[in-house]
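Okay, structure first, notes after.
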Amino acid sequence: MHELALPLLIGLIIVALAFDFLNGLHDAANAIATVVATRLLKPVHAVAFAAFFNFAAYFVTILFPSLHKVAETIGKGLIDKDLVTPGVVFGALVGAMFWNVVTWLKGIPSSSSHALVGGMIGAGVTHAGVTGIQWGGLNKTLLAIVLSPTLGMILAMLVMLVTSWLFRRATASRAERSFRVLHLISSGAYSLSHGLNDAQKTMGIITVLLYSTGYLQGKFEVPHWVAISCYVAIALGTMTGGWKIIETMGSRITKLSQHQGFSASFAGSIILFGASWLGIPVSTTHTITGAVIGAGTAKRASAVRWGVASNVVVAWVITLPASAAVGALFYALTLLF
């Protein structure tokens with residue numbers, strides 16, 4: 001157990017919630033890009049819509065507690081929870097926040113999740129060496145980097161194919177009306193799954209902080225006040241919005257119809273709900289980007305701006321090492337004080 005004065009503990013929790021807020025702001029594009037790009041909802045209405053469902057995810061976890069496995073993976077599945085110190089938590093959070101701010105300013109839809117994972121690994125390894133790494137949790141997270149966009153793309157293409165066949169006899173106007181309703185429903189489901197998976201990452205960080213400082217006794221589980229605080233923070237961040245990233249996600253990669261928007265958000269929500277059930281801190285950014293590309297490709301491959309998509313992939317590749325390096329640096333700075 002590592003002693004930490006209560007004011008410093010509160011300060012670190014505030015930093016964690018600031019990351020959660022920034023996560024919502026940075027990833028607002030994931031939840032609302034398709035409805036904004038297709039003009040299904042006005043931007044202001046879209047962020048309020050997404051924020052509502054981000055917070056509503058809390059009530060889903062009350063009904064299905066097993067969906068809180070992601071918090072356990074972040075809290076004790078990356079670095080041995082008995083080796084985590086307040087300095088490690090500080091380094092992880094600052095590393096993740098630094099990368100989020102850089103990519104947000106550049107309008108690059110990188111992964112807040114993998115920025116946090118990178119920060120945690122960088123700070124944790126600097127503190128305890130590679131022996132502190134929990135390879136089971138890290139390996140499934142790394143595997144998800146490849147699988148989440150790939151599965152999102154494939155599933156979105158399948159949804160496009162199946163729904164095109166189902167509506168083959170419908171008139172254009174009837175199909176458009178139907179897909180507008182379906183798109184709105186699937187967007188709500190995606191926002192719900194986004195809040196569910198992403199808010200838990202901060203819950204895991206706060207919970208392991210409480211555990212390492214002795215403020216959490218007994219079983220390693222997320223206190224209810226931590227869960228509510230994290231869902232509120234990410235919802236408020238989503239309401240603030242990240243407009244540059246929304247433009248990239250919603251229109252620069254490919255132009256979307258209501259049909260494509262529904263297919264992308266529906267496919268993305270299935271992937272995220274599945275990941276939460278398995279306890280995998282998957283990237284919501286990677287997932288919806290793959291789904292958007294899949295929906296665009298299903299129409300025709302030339303509809304996707306592959307140059308923009310490749311730039312996004314480059315950002316994905318460097319997210320983990322960049323945030324790990326910053327996390328290690330800021331952990332090292334804590335040793336000077």
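The values are calculated or read from the model by the stated rules, or taken from the named source; none is laboratory data. Just so you know, these numbers come straight off a predicted model, no measurement behind them. Methodologically, a virtual Cβ is constructed for each residue, glycine included, from the backbone with ideal geometry; neighbour enumeration extends over all protein chains shown. These accessible areas exclude ligands, DNA and RNA; they are computed on the full protein's heavy atoms, side chains included. Shrake-Rupley method; radii C 1.70, N 1.55, O 1.52, S 1.80 Å.
General observations
- Boolean, residue 70 is out of contact with any Pro (no Cβ under 7 Å at 6 or more places or on another chain) and at pLDDT 80 or above: no
- If you go through the range 74-102 and keep only what is open to solvent by less than 10 Å² (accessible area, probe 1.4 Å) and within 24 Å of residue 194 (Cβ to Cβ), you end up with 74, 75, 78, 89, 92, 93, 95, 96, 100.
- Residue 246 vs. criteria modelled with pLDDT under 80 and either closer than 28 Å to residue 156 by Cβ or in a helix (DSSP H, G or I) (or both): yes
- Verdict on residue 119 being open to solvent by less than 60 Å² (accessible area, probe 1.4 Å), over 17 Å from the mean Cα position of the chain (by Cα), closer than 27 Å to residue 17 by Cβ and of a type outside the set (Val, Ile, Thr): no
- Taking the conditions (1) part of a helix (DSSP H, G or I); (2) at pLDDT 90 or above; (3) farther than 20 Å from residue 277 by Cβ in turn, residue 82 satisfies each one other than (1).
Residue-wise test of (1) in contact (Cβ under 8 Å) with a residue 24 or more places away in the chain; (2) out of contact with any Ser or Thr (no Cβ under 6 Å at 6 or more places or on another chain); (3) open to solvent by 40 Å² or more (accessible area, probe 1.4 Å).
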{"residue": "171", "(1), (2), (3)": "no, yes, yes"}
{"residue": "177", "(1), (2), (3)": "no, yes, yes"}
{"residue": "190", "(1), (2), (3)": "yes, no, no"}
{"residue": "199", "(1), (2), (3)": "yes, yes, no"}
{"residue": "207", "(1), (2), (3)": "yes, yes, no"}
{"residue": "237", "(1), (2), (3)": "yes, yes, no"}
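- If you check 184, 105, 158 for being modelled with pLDDT of 95 or more, open to solvent by 30 Å² or more (accessible area, probe 1.4 Å), part of a helix (DSSP H, G or I) and among the hydrophobic types (A, V, I, L, M, F, W, C), only one passes: 158.
- Residues located in the range 161-181, provided they are of a type in the set (D, E, K, R) and outside any helix (DSSP H, G or I): 168, 169
- Test: residue in the range 222-233 that is open to solvent by 10 Å² or more (accessible area, probe 1.4 Å), closer than 30 Å to residue 90 by Cα and outside any helix (DSSP H, G or I): yes
- The residues of the range 126-155 that are open to solvent by less than 20 Å² (accessible area, probe 1.4 Å) and more than 19 Å from the chain's Cα centre (by Cα), listed by number, are 132, 133.
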